[in-house]
Amino acid sequence: MKTHGILNAFQLKIIMLVLMLLDHMQLFLFPRELLPAHYVARVVAPVFAFLAAQGMVYTRNRLRFVLRLSLFGVIMALGNFILYLKTGYEIPNNIFFSLAIGAAAIYVIDELRQSKGFYIALWLAVVVILAFVTPYCEGGFLVPVIMLIFYYLRNRRPVMYAVYVIGYGLQFLMAYFNTGYLQPQFYMIFAVIPIMLYNGRRGPDTAFAKYLFYGFYPLHVWILFIISGIIAG
């Protein structure tokens with residue numbers, strides 16, 4: 001992917017983690033004071049979907065990448081469930097499963113394009129399963145579909161931007177014309193700005209850089225959730 005951006009994947013990830021932190025601080029601690037952060041942070045999920053799609057392009061083992069996302073999804077689900085048992089309140093956050101389904105869909109579609117006979121039926125069955133599970137994940141079909149757009153149009157950047165912005169912008173604008181309310185998700189279209197700044201490079205090739213998101217995401221959600229419970233109690 002040829003690009004003239006100024007941010008590598010690690011730098012882009014750090015910026016998104018900061019926005020994510022502010023967004024979840026708004027959710028758990030400061031619902032009014034940090035409300036603007038909630039709107040700005042709508043770009044986070046699409047950018048991580050983009051980075052996950054890039055991961056499917058460059059990873060040395062695509063199946064392992066899918067399984068890693070799924071494993072951390074299970075770990076976060078277990079942590080969320082334990083906190084639910086302790087507090088009686090559910091944590092809705094777990095984008096790991098959404099990213100894992102998007103990555104799995106890419107993997108399966110690519111396998112289908114190369115398969116014959118029995119394997120076509122096998123992979124089609126997997127597609128049906130993924131489609132059934134997706135609505136129960138954070139964001140529903142949104143994140144997996146975004147990943148498919150970013151993956152299969154990655155070599156046609158102008159088309160990728162146009163499909164993403166028009167496809168997701170129009171649905172929320174139509175809802176606005178019908179209801180008079182512009183949903184916060186509309187601001188997801190501005191994710192194209194940080195994505196345009198991506199220079200196609202990975203950044204530091206270290207375990208810290210690789211697993212930062214996997215650790216930071218669940219830990220900061222759990223910590224903020226616990227703090228909010230202490231304050232409320």
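Miscellaneous remarks
- Single match in M20, M16 (criterion: assigned to a helix (DSSP H, G or I) and over 14 Å from V221 (Cβ atoms)): M16
- Taken together, the residues in region 193-223 that are closer than 19 Å to Q54 by Cα, of a type in the set (A, V, I, L, M, F, W, C) and open to solvent by 20 Å² or more (accessible area, probe 1.4 Å) amount to 6.
- For A105: the one exception among (1) open to solvent by 60 Å² or more (accessible area, probe 1.4 Å); (2) modelled with pLDDT of 90 or more: (1)
- Residue tally, condition surrounded by fewer than 18 Cβ atoms within 10 Å (Cβ to Cβ), of a type in the set (A, V, I, L, M) and closer than 11 Å to A103 by Cβ, over region 58-86: 2
- Some residue of region 58-76 being under 18 Å from Y152 (Cβ atoms), within 14 Å of the chain's Cα centre (by Cα) and not basic (K, R): yes
- Selection count where residues are assigned to a helix (DSSP H, G or I), open to solvent by 60 Å² or more (accessible area, probe 1.4 Å) and in contact with a Pro (Cβ under 9 Å, 6 or more places away or on another chain), scope region 121-159: 0
- Whichever residue in region 8-25 is under 13 Å from P204 (Cβ atoms) and of a type in the set (A, V, I, L, M, F, W, C) and, among such residues, is surrounded by the most Cβ atoms within 10 Å (Cβ to Cβ): L12
- For the residues F172, F190, F177, the requirement of being assigned to a helix (DSSP H, G or I), open to solvent by 40 Å² or more (accessible area, probe 1.4 Å), among the hydrophobic types (A, V, I, L, M, F, W, C) and modelled with pLDDT under 95 singles out F177.
- A77 meets the conditions (1) in contact with a Gly (Cβ under 8 Å, 6 or more places away or on another chain); (2) within 19 Å of I223 (Cβ to Cβ) in every case but one. The failed one is (1).
The values are calculated or read from the model by the stated rules, or taken from the named source; none is laboratory data. Values in this document were obtained by computation on a predicted structure and should not be read as measured data. Backbone-built Cβ (ideal geometry, glycine too); neighbour counts: all protein chains shown. When the accessible area is computed, the model is the full protein with side chains, heavy atoms only, and any ligands, DNA or RNA have been set aside. Shrake-Rupley method; radii C 1.70, N 1.55, O 1.52, S 1.80 Å.
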